[in-house]
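J.: Okay, handing you the structure first.
Read-outs throughout are calculated quantities, based only on the coordinates presented, and are distinct from any laboratory measurement. From a predicted model like this one, the values you see are computed outputs, not experimental measurements. All Cβ positions, glycine included, derive from the backbone under ideal geometry; neighbour counts span all protein chains shown.
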Amino acid sequence: MASMRDIKRRRASVQSTGQITKAMKLVATVKLQKAKNRALQSKEYFNCMYKTVISLLAKSANTSNIYTQAPESNRKAVVVITSNRGLAGGYNSNVVKLITQNEELKKEDLDIYTIGKKGQEFLSRRGYRIVEDRSELMEEFTYADAIKLCNKLLASYEEGEVGEIYIAYTNFKNTVSHIPTLLKLLPILETDDDSMDEGKNDDLIMNFEPDDEEALQLIIPKYVASLLHGALIEATAAENGARMQAMDSATNNAEEMIDKLTLKYNRARQGSITQELTEIIAGAEAIS
């Protein structure tokens, strides 16, 4: 049985850990409020942009452009957005599982663009090809940063180095609900148009002014950059939400452990006092 001194030291250690997790929870809560507002403001634009361009490209399937044709290359470019820090529950592992547990994404066919050290470290250790690491964007990012990454992805796609482009990130639904999401950006095939299930005319002709190639060269970069930027915003909010929940759970666990150790300490102290009293009484009886 542990001594009173050992129990006391363990309790002090758990109290110190609980204070740290409580402070981290408060920091994550403050960051979450700012990131949450930004994510909710951008979500409608994010969804509208995706559905609009999906519909536009799907209805342009008869035009001769690389954005609506079946890919010739088997390689796939995947932008993986995780965090630079741990202590966020299953936030990072859930995103990585979108890559490692997807049978359609074979390791040898993937070009990985990582944003976040945790994803980069995990995938590189398992032999995935990391084309570029932009982990610094998780600290601070702008729309211009999304455009730079977008240009590299599109250059690789247009040159035929990759045949598909994906984003793996965490969709921020609300404070307690975060959904790991693998989103396909390009190419857009007719079967990808969800809006066609809403009773719209499948034979609708899409007319472009100027011509379709010139219009798509203007639209596609904005589309990809907007979705990358939106995914970064949502991932930031989801990360802080996950860390707040993890630290709240850790703080509660620390409080429960402190209560158990306090009870254990009191029982040991009571047992020690009882033993001392028994020894005193026995000694007094022996003298008398």
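J.: Pop a pseudo-label 7 angstrom from the Cα along the beta-carbon direction at both L87 and S177 and give the gap in nm to one decimal.
T.: Calculated label separation equals 2.9 nm.
J.: What angle do you read, to the nearest 10 degrees and between 0 and 90, between the alpha-carbon axis of helix 91-100 and the longest principal axis of the chain?
T.: 50 degrees
J.: For n ≥ 4 DSSP H runs only, could you compute -39500 (n - 2.57) per run for the chain, divide by its residues and tell me the 222 nm figure to the nearest 500?
T.: The helix contribution divided over the chain gives -21000 deg cm²/dmol.
J.: Out of residues 5 or more away from S73 or on other chains, whose amide H comes under 5 Å of its own, with H placed 1.01 Å from N in the peptide plane?
T.: G163
J.: Calculate, for A2 and A284, the FRET efficiency according to 1/(1 + (r/R0)^6) with r their C-beta to C-beta distance and R0 35 Å; round to the nearest 0.05.
T.: With R0 = 35 Å, the Cβ-Cβ based efficiency is 0.70.
J.: Here is a further query. Can you tell me what the convex hull of the Cα atoms of the chain projects to on average, as an area in nm²?
T.: Projected area, direction-averaged: 20.8 nm².
J.: How tilted is helix 212-287 with respect to the longest principal axis of the chain? Cα atoms for both, answer in degrees (0 to 90, nearest 10).
T.: 10 degrees
J.: Using the Cα gyration tensor of region 57-191, with a ≥ b ≥ c the square roots of its eigenvalues, what is the shape: rounded (a/c below 1.5), prolate (a/b larger than b/c) or oblate (neither)?
T.: prolate
J.: If you don't mind, another one. Rounded to the nearest 5, what is the percent of antiparallel bridges among the DSSP beta bridges in the chain?
T.: Antiparallel bridges: around 35 percent, rounded to the nearest 5.
J.: Follow-up question, since we're still on this one. Sequence neighbours fewer than 8 away in the same chain don't count; with that in mind, list the lysines whose C-alpha is under 17 Å from K106.
T.: K76, K97, K184
J.: Going Cα to Cα from K260, which lysines come in below 18 Å? Please leave out same-chain ones fewer than 8 positions away.
T.: Result set, ordered by chain and number: K8.
J.: Between 0 and 90 degrees, rounded to the nearest ten: what's the tilt of helix 143-158 against the longest Cα principal axis of the chain?
T.: Once rounded, one gets 60 degrees.
J.: Using the structure shown, select from K22/K51; K34/K117; K31/K107 the pairs with a Cα to Cα distance greater than 31 angstrom.
T.: Distance filter (> 31 Å) returns K22/K51; K31/K107.
J.: If I take R0 = 45 Å and measure r between the Cβ atoms of N74 and N252 in this structure, what FRET efficiency does the formula 1/(1 + (r/R0)^6) give, to the nearest 0.05?
T.: Between N74 and N252 the formula returns 0.40.
J.: Now, a different point. Based on the Cβ-Cβ distance from I20 to K184, what FRET efficiency comes out when R0 is 45 Å, to the nearest 0.05?
T.: Once the sixth-power term is evaluated, E becomes 0.65.
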